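For reference, the structure is listed below as structure tokens.
The values are calculated or read from the model by the stated rules, or taken from the named source; none is laboratory data. Predicted, not measured: the structure shown is a model, and the values here were computed from it. Here the Cβ positions follow ideal geometry from the backbone for every residue, glycine too, while neighbour counts run over all protein chains shown. Areas reflect the complete protein model, heavy atoms only, side chains present, ligands, DNA and RNA absent. Shrake-Rupley method; radii C 1.70, N 1.55, O 1.52, S 1.80 Å.
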Amino acid sequence: QVQVVESGGGLVQAGGSLRLSCAASGSISSINAMGWYRQAPGKSRDLVAQISSDGVTNYADSVKGRFTISRGNAKNTVYLQMNSLKAEDTAVYYCNADIGLYGRQGVYRYWGQGTQVTVSA
């Protein structure tokens, strides 16, 4: 079994900062890319930022220069530092991880349960 668990969401005023954390655990042989998506009410789930196993990053245009994604030293964790938050950043933020499993071929994408980020104007 694999678990992906996010933490760090909450309520913040516009212009403020939050740091989201995500950890993957279980029968994991390898973790490739990890990333953050977000979904606002009535909208699709969209990519916020992604980081490969060797540290290459990719950001949505809307968050470039404000958000920073990073991996932990243990490589099973990923963080999203969010600065200069705007009301339009309000959404449920989901972490994902592309994971190889012991005893199974292939790479599988696992998702966390989501954490709410609310930015008040």
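Report the trypsin sites (Lys or Arg not before Pro) located in the stretch 1-63 that are in a DSSP loop and have at most 14 other Cβ atoms inside 10 Å of their Cβ, or state none. Working shown, then result.
Numbers: sites: Arg19, Arg38, Lys43, Arg45; in loops: Lys43.
Those that pass, being in a loop and sparsely packed, are Lys43.
Within the stretch 64-99, what residues put their amide N at less than 16 Å from the label point 7 Å along the Cα-to-Cβ vector of Ser29?
Flagged as within label range: 98-99.
Tell me the label-point distance for the pair Ala60, Ala14, using the 7 Å Cα-to-Cβ offset, in nm and rounded to one decimal.
According to this spin-label approximation, the distance is 1.8 nm.
Within the chain, what whole-number % of the accessible surface is contributed by carbon and sulfur, with the 1.4 Å probe and all protein chains included in the calculation?
Values: 2940 of 6310 Å².
Carbon-and-sulfur percentage of accessible area, whole number: 47.
How would you classify the stretch 68-112 from its alpha-carbon gyration tensor, with a ≥ b ≥ c the square roots of the eigenvalues: rounded for a/c under 1.5, else prolate if a/b is greater than b/c, otherwise oblate?
Here the stretch 68-112 falls in the oblate category.
What accessible area per residue, rounded to a whole number of Å², is obtained for the stretch 27-113 using a probe radius of 1.4 Å?
Values: 4550 Å² over 87 residues.
Ligands and nucleic acids excluded, the result is 52 Å² per residue.
At R0 = 30 Å, how high is the FRET efficiency between Tyr102 and Leu47 if r is their beta carbon distance? Nearest 0.05 is fine.
Details: r = 28 Å, r/R0 = 0.95.
For R0 = 30 Å, the calculated efficiency reads 0.60.
Which distance in Å, rounded to a whole number, links the C-alpha centroids of the stretch 36-50 and the stretch 67-89?
So the separation of the two Cα centres works out to 14 Å.
With θ taken as phi - 60° and the coefficients 6.51, -1.76 and 1.60, list the Karplus ³J(HN,Hα) couplings across the stretch 67-82 in order, rounded to whole Hz; mark glycine and proline as x.
10, 9, 9, 8, 9, x, 4, 7, 6, 9, 10, 9, 10, 10, 8, 10
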